[in-house]
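Peer 1: Have a look at the structure that comes next, please.
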Ligand SMILES: [Zn+2]
């Protein structure tokens with residue numbers, strides 16, 4: 001079974017780019033929530049994975065970000081939790097064909113946990129554990145808990161992953177910049193987050209989504225200062241802008257090349273993209289990595 005040391009021994013590795021915005025580009029009528037593409041259009045999903053692998057991704061993510069029972073319940077799909085997650089892993093593995101690792105993507109539950117909401121910590125834990133057990137059983141190489149805006153929820157998900165038997169678990173949070181510096185929606189800083197996640201046994205930590213290339217480098221820099229845990233950053237291609245009724249992300253593959261150079265010099269271990277990034281961004285990062293190795 002793959003270990004974090006084995007992954008780290010391969011040098012800086014590339015994750016993939018956006019999944020959600022890539023699915024939107026197909027303009028399919030029956031992929032709301034986007035996890036439905038796993039069942040309704042497996043060929044289209046495979047196409048996205050293959051593009052990223054061709055662009056140089058060493059690790060691709062399953063299309064299961066919103067695949068927990070509670071999140072799927074928001075679309076009355078909770079009873080399909082096993083079917084949806086299993087299909088996602090199968091499709092990613094078919095695309096990877098052993099040439100890329102497959103990370104099981106796990107996102108927030110979409111429901112507030114006590115004391116902020118009604119959901120008990122125990123139910124949140126059990127919901128994460130259920131999804132992660134399905135992903136592991138279907139054969140993912142690692143678990144990536146991502147786009148977390150609450151450190152408490154991230155810690156619940158991390159504990160559930162470990163209880164489910166995950167051997168490699170990464171956690172990435174989303175930060176906003178404000179007067180106090182970078183903070184999650186619940187007010188946690190990158191340095192606080194990485195220290196608490198390390199204490200709870202995360203194998204790598206980092207940041208994804210958010211405001212774009214510059215802010216995420218600041219998050220990585222802050223984390224690096226306080227902790228030696230491996231770091232993953234997956235920025236959005238800038239902030240989304242509405243132009244002629246379309247959502248546009250303006251940070252280009254050329255800008256992503258400069259971002260990759262900065263990430264390498266900061267000592268980041270894993271690089272990928274979030275909303276608005278495409279295979280062209282990953283290709284740009286790959287060209288920089290190949291030159292620097
Ligand atoms: Zn994003």
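Peer 1: Does residue 237 satisfy the condition of being in a loop (DSSP other than H, G, I, E, B) and within 16 Å of the ligand (Cβ to nearest atom)?
Peer 2: Criteria met by residue 237.
Peer 1: Of the conditions (1) away from the ligand (no atom under 16 Å from the Cβ); (2) surrounded by fewer than 20 Cβ atoms within 10 Å (Cβ to Cβ); (3) over 23 Å from residue 169 (Cβ atoms), residue 247 clears all except one; give me its number.
Peer 2: Answer for residue 247: the failing condition is (1).
Peer 1: Here's another thing I want to ask about it. Quick one: how many residues across segment 1-23 are within 16 Å of the ligand (Cβ to nearest atom) and either without any contact (Cβ under 8 Å) to a residue 40 or more places away in the chain or under 22 Å from residue 143 (Cβ atoms) (or both)? Break it down stepwise before answering.
Peer 2: Filtering segment 1-23 down to residues within 16 Å of the ligand (Cβ to nearest atom) leaves 15-23.
Among the residues that remain, those that are also either without any contact (Cβ under 8 Å) to a residue 40 or more places away in the chain or under 22 Å from residue 143 (Cβ atoms) (or both) are: 15-20, 22-23.
Selection size over segment 1-23: 8.
Peer 1: So, one more: Quick one: would you say residue 149 is without any contact (Cβ under 8 Å) to a residue 40 or more places away in the chain, within 16 Å of the ligand (Cβ to nearest atom) and closer than 22 Å to residue 103 by Cα?
Peer 2: Values: without any contact (Cβ under 8 Å) to a residue 40 or more places away in the chain: no; within 16 Å of the ligand (Cβ to nearest atom): yes; closer than 22 Å to residue 103 by Cα: yes.
Judged against the criteria, residue 149 is not a match.
Peer 1: For the condition in contact (Cβ under 8 Å) with a residue 60 or more places away in the chain, touching a helix residue (DSSP H, G or I) at 6+ places or on another chain (Cβ under 7 Å) and more than 25 Å from residue 42 (Cβ to Cβ), what is the one hit in 113, 194, 168? Steps first, please.
Peer 2: Values: 113 fails: in contact (Cβ under 8 Å) with a residue 60 or more places away in the chain; 194 fails: in contact (Cβ under 8 Å) with a residue 60 or more places away in the chain.
From the options 113, 194, 168, the qualifying one is 168.
Peer 1: May I pose another question? Only residues that are under 25 Å from residue 3 (Cα atoms) and within 13 Å of the ligand (Cβ to nearest atom): list them for segment 207-234, please.
Peer 2: 207, 208, 233, 234
Peer 1: Filter segment 168-206 down to the residues that are within 17 Å of the chain's Cα centre (by Cα) and away from the ligand (no atom under 16 Å from the Cβ) and list them by number.
Peer 2: 168, 169, 190, 193, 194, 197, 202, 203, 204, 205, listed by residue number.
Laboratory data are not the source of any read-out in this text; all were calculated from the coordinates shown. Just so you know, these numbers come straight off a predicted model, no measurement behind them. All Cβ positions, glycine included, derive from the backbone under ideal geometry; neighbour counts span all protein chains shown.
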